[in-house]
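First comes the structure, then the notes that go with it.
The values are calculated or read from the model by the stated rules, or taken from the named source; none is laboratory data. Remember, it's a predicted structure, so these values are computed and weren't measured experimentally. Quick reminder, even Gly has a Cβ in these numbers, built from the backbone with ideal geometry, and neighbours come from all protein chains shown. Note: areas computed on protein heavy atoms with side chains; ligands, DNA, RNA excluded. Shrake-Rupley method; radii C 1.70, N 1.55, O 1.52, S 1.80 Å.
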Amino acid sequence: MALCGLNSEQYKAATTSAGANLIVASAGTGKTSTIVARIAYLLKEQSVKPEHILLLTFTNKAASEMLSRVQRYFDKSVVDKIESGTFHAVSYRLLKRLGKDIKLKTPKDLKILLKTIVERRRFDHIDSPIKPYQSSYLYDLFSLYQNSTIELSFSRWLEEQGSEHGVYFDIYEDIFEEFLALKKEYGYVGFNDLLILMVNSLKNDRDIRFSEVLVDEYQDTNILQNSLIDAFNKKSLFCVGDYDQSIYAFNGADIKIIGSFQDRYKNAKIFKLNKNYRSTSKILSLANRVIKNNPRLYDKELEVTRGGECEAPKLLVYEELFEQYHSISALIKNSKTPYEDIAVIFRNNASADGIEATLRELGVSCKRKGGVSFFDSREVKAMIELISVVVNPKDMMAFIHIFEYAKGVGSALSKEIFEGLFKLGDGDIYRGFFHPKDISNPFKTRAKNYQLGLFDDYGGFGSVSRFYRLGFEDAFLSNPILKHVKLNEDGAKFIYYFYKFLKNSTRIKNPKTLVSHVLFSDIFASISDILATNRATRKDGSIDESLKQEAKEKIIRKGYLLQDIAKNYSLSERFLNAITLGSGEMSEGEGVNLLSIHASKGLEFTEVFVIDLMDGRFPNRKLMSKGGSLEEERRLFYVATTRAKDRLSLSFAKYDKIKKITYTQSPFLVEAGLIS
């Protein structure tokens, strides 16, 4: 039974009675074992039905690993009934169960959608030295706003953040009003929208009930996620977290949520896991010396369980930045520790380039979390967008992404073309192409509004005769969409390729067959040629034809790989949803692990190098000036150092010869007692 191997602290937590329970689980204290034991206890001792258990985690991988351990004690048919996964994945499945029509879009998709709205605005009528936010940053701000409050308006929240953009608040509010309306019109749902929809659905539909909701990494929850936890109809709550490892403030995580647990829940019980099974006494002693400088939300004292001789953490000091990277790479090359059990951890992604380059120079294999995955390559994304628009002819974002490859057609124009086809087809661009309504002007207009930056309007029609010599079908030439005054010949050709692709694809239901159809279509051939040409262009602007051919072959190989993945699905819609919701949590490859601190969370390694411990870089003073805090930077240091099991090395350099910057050591090295 899962309870047998627990220590007394873990046992008390895992077998506590129903209610509001918070388990403060310090680094390496066996929180996963405690959660697994709690689930086993609910199933066996409390006779809770598996479908009445909800496990919320911050990665699907974490949920999968926990349930695989539960499966050691229970039949797979039982474990499979437990609802588990990330806040977003769980919300998606439950909303589909409730019959909600969801067209899930990634942040990149929605940023482009927002850009099409912002591009139609002008801000130059406002006399201000402050420049308006770019659309991408504005989207990130709005996302942070959604995660940070459920009460304030966007403008009021910006005010409370100390924004100097007050003169633009009315325009920003109107932009997002249009943005939300557009998402609603096309049924688009972003990741934050999933949680908001779930919260609202739970208020109106009480049929979804759980005996217990378990939350992993509770210290990283934000206001929106916490509102979802509270919205679930449940008898018991079991939250596991460590305030000393709260490191996601940039994403709206609020440490006050875990800190106020006792105040918010009646008769709340607090359990503490203090016995560390991961690190040596000397590593833990260093980590504790630093983190004790932060406020203590709950009393705790991390205890060491490992005995025997151990190495003290090492301080490595270098005169120059790249000397540090070369030296550490050499140390790793000569280490007796298997490369897979070594991690290089850094505060800023810029640090990774130097260490990765020097490791590869020495022939040391390494893998870097956050590298470009298969699904992030442009050719694979283009194939997926083409499939998306076949599966859902109302998918404006897929259309806009595809038309990024159309010469002379920007995101704003492609949106207008889509809206025109949408109008011609009564909400279906397939009908807009092949059975268009008799409408003289299919293009959407919006009234000018000087105050809200709406100046320009649709500029009239161009003659279709300008495209006669291009050899288009008569049925295509008669479509009013070609009358858009801003459409040039290259853009018209691209629309024609798309027209022919769509014409021959709508009857294909099997995702593998559909991928094959995309792979050998004229429109994908055009996209492939653009990508291959870009990849084969020399610095002088000339094209290396052999390199271009090689690039095309690589693109085709990725197409066949996507075909192979698609064969596991019977419906194209399920194939697309699986790709959107699931992503690799570690880049492919073997060797030394190169990780940001955020990416290292929850992992452990025999040997760890924490690099670039210079004041300014770690702690990151720039991010601190933008709303971060020294306390969060200190928590990041604590997380980084407690990834190490046996050996820990901390390094810094005094000078960067490229940027000509002189550095001093991080204050955390002083707090750790390594520098006086």
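Just to be sure I understand, how many residues within region 146-166 are open to solvent by 60 Å² or more (accessible area, probe 1.4 Å) and either in contact (Cβ under 8 Å) with a residue 40 or more places away in the chain or outside any loop (DSSP other than H, G, I, E, B) (or both)? Outline the logic, then answer.
Filtering region 146-166 down to residues open to solvent by 60 Å² or more (accessible area, probe 1.4 Å) leaves 150-151, 156, 159-161, 164.
Filter once more, keeping what is either in contact (Cβ under 8 Å) with a residue 40 or more places away in the chain or outside any loop (DSSP other than H, G, I, E, B) (or both): 150, 156, 159-161.
Residues flagged as open to solvent by 60 Å² or more (accessible area, probe 1.4 Å) and either in contact (Cβ under 8 Å) with a residue 40 or more places away in the chain or outside any loop (DSSP other than H, G, I, E, B) (or both) within region 146-166 amount to 5.
Checking the conditions here, which among 137, 168, 92 is among the hydroxyl-bearing types (Ser, Thr, Tyr) and more than 16 Å from the chain's Cα centre (by Cα)?
When all the criteria are applied, what remains is 168.
Among the residues of region 483-494, is there at least one that is closer than 23 Å to residue 105 by Cβ, part of a loop (DSSP other than H, G, I, E, B), open to solvent by 30 Å² or more (accessible area, probe 1.4 Å) and not aliphatic (A, V, I, L, M)?
no
Please work out which residue is most open to solvent (accessible area, probe 1.4 Å), limiting yourself to region 267-279 and to residues that are under 11 Å from residue 28 (Cβ atoms) and not in a strand (DSSP E or B).
This residue is 277.
Residue 568 fails exactly one of the following numbered conditions: (1) open to solvent by less than 40 Å² (accessible area, probe 1.4 Å); (2) modelled with pLDDT under 90; (3) not charged (D, E, K, R). What is the number of that condition?
Unmet for residue 568, out of (1) open to solvent by less than 40 Å² (accessible area, probe 1.4 Å); (2) modelled with pLDDT under 90; (3) not charged (D, E, K, R): (1).
I'd like to check something: does region 184-194 contain any residue that is within 30 Å of residue 49 (Cβ to Cβ), modelled with pLDDT of 90 or more and either part of a strand (DSSP E or B) or out of contact with any strand residue (DSSP E or B) (no Cβ under 9 Å at 6 or more places or on another chain) (or both)?
Yes: region 184-194 contains one or more residues that are within 30 Å of residue 49 (Cβ to Cβ), modelled with pLDDT of 90 or more and either part of a strand (DSSP E or B) or out of contact with any strand residue (DSSP E or B) (no Cβ under 9 Å at 6 or more places or on another chain) (or both).
How many of the residues in region 193-222 are crowded, with 21+ Cβ neighbours inside 10 Å and of a type in the set (S, T, N, Q)?
3
What is the residue count in region 288-345 for residues that are in a loop (DSSP other than H, G, I, E, B), without any contact (Cβ under 8 Å) to a residue 40 or more places away in the chain, more than 18 Å from residue 28 (Cα to Cα) and open to solvent by 80 Å² or more (accessible area, probe 1.4 Å)?
Here the count works out to 3.
From 194, 180, which residue is of a type outside the set (Gly, Ala, Ser) and touching a His at 6+ places or on another chain (Cβ under 7 Å)?
So the residue among 194, 180 that is of a type outside the set (Gly, Ala, Ser) and touching a His at 6+ places or on another chain (Cβ under 7 Å) is 194.
Restricted to region 91-149, and to residues that are among the basic types (Lys, Arg) and touching a strand residue (DSSP E or B) at 6+ places or on another chain (Cβ under 9 Å), which residue is farthest from residue 186 (Cα to Cα)?
122
Take the residues in region 22-38 that are open to solvent by less than 10 Å² (accessible area, probe 1.4 Å) and part of a loop (DSSP other than H, G, I, E, B), then tell me which one is modelled with the highest pLDDT.
Filtering region 22-38 down to residues open to solvent by less than 10 Å² (accessible area, probe 1.4 Å) leaves 22-27, 29, 34-38.
Pick out the ones that are also part of a loop (DSSP other than H, G, I, E, B) and you get 26-27, 29.
Working: 26: 88, 27: 87, 29: 91.
If we take residues in region 22-38 being open to solvent by less than 10 Å² (accessible area, probe 1.4 Å) and part of a loop (DSSP other than H, G, I, E, B), then 29 is modelled with the highest pLDDT.
Output the qualifying pairs, or none if there are none: Cβ atoms under 9 angstrom, residues six or more apart or on different chains, first residue in region 356-372 and more than 19 Å from residue 612 (Cβ to Cβ) and of a type in the set (Gly, Ala, Ser), second residue at pLDDT 85 or above and open to solvent by 50 Å² or more (accessible area, probe 1.4 Å).
Listed by first residue and then by second, the contacts come to 363/333; 365/339.
If I filter region 397-404 for residues that are surrounded by fewer than 22 Cβ atoms within 10 Å (Cβ to Cβ), in contact (Cβ under 8 Å) with a residue 40 or more places away in the chain and closer than 30 Å to residue 504 by Cα, do I get at least one hit?
There is at least one residue in region 397-404 that is surrounded by fewer than 22 Cβ atoms within 10 Å (Cβ to Cβ), in contact (Cβ under 8 Å) with a residue 40 or more places away in the chain and closer than 30 Å to residue 504 by Cα.
In region 90-101, what residues are within 25 Å of residue 399 (Cα to Cα), at pLDDT 85 or above and either surrounded by fewer than 22 Cβ atoms within 10 Å (Cβ to Cβ) or among the small types (Gly, Ala, Ser) (or both)?
96, 100
Counting only residues that are open to solvent by 40 Å² or more (accessible area, probe 1.4 Å) and within 34 Å of the chain's Cα centre (by Cα), how many does region 1-21 have?
Summing the residues that are open to solvent by 40 Å² or more (accessible area, probe 1.4 Å) and within 34 Å of the chain's Cα centre (by Cα) in region 1-21 gives 1.
Each row is one residue, and each column tells you yes or no for (1) under 18 Å from the mean Cα position of the chain (by Cα); (2) hydrophobic (A, V, I, L, M, F, W, C); (3) open to solvent by 60 Å² or more (accessible area, probe 1.4 Å).
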| position | (1), (2), (3) |
| --- | --- |
| 67 | no, yes, no |
| 74 | no, yes, no |
| 80 | no, no, yes |
| 106 | yes, no, no |
| 110 | yes, yes, no |
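Given the condition closer than 30 Å to residue 58 by Cβ and of a type in the set (Phe, Trp, Tyr), answer yes or no: does some residue in region 91-109 qualify?
Yes; the residues of region 91-109 include at least one that is closer than 30 Å to residue 58 by Cβ and of a type in the set (Phe, Trp, Tyr).
With respect to residue 270, determine if the residue is touching a residue at least 60 places away in the same chain (Cβ under 8 Å) and in contact with a strand residue (DSSP E or B) (Cβ under 7 Å, 6 or more places away or on another chain).
yes
Tally up the residues in region 346-355 that are free of Cβ contacts under 8 Å to residues at least 40 places away in the same chain and surrounded by fewer than 19 Cβ atoms within 10 Å (Cβ to Cβ), please. Steps first, answer last, please.
Of all residues in region 346-355, those free of Cβ contacts under 8 Å to residues at least 40 places away in the same chain come to 350, 353-354.
In the following step, the residues that additionally are surrounded by fewer than 19 Cβ atoms within 10 Å (Cβ to Cβ) were identified as 350, 353.
Residues that pass the stated criteria total 2.
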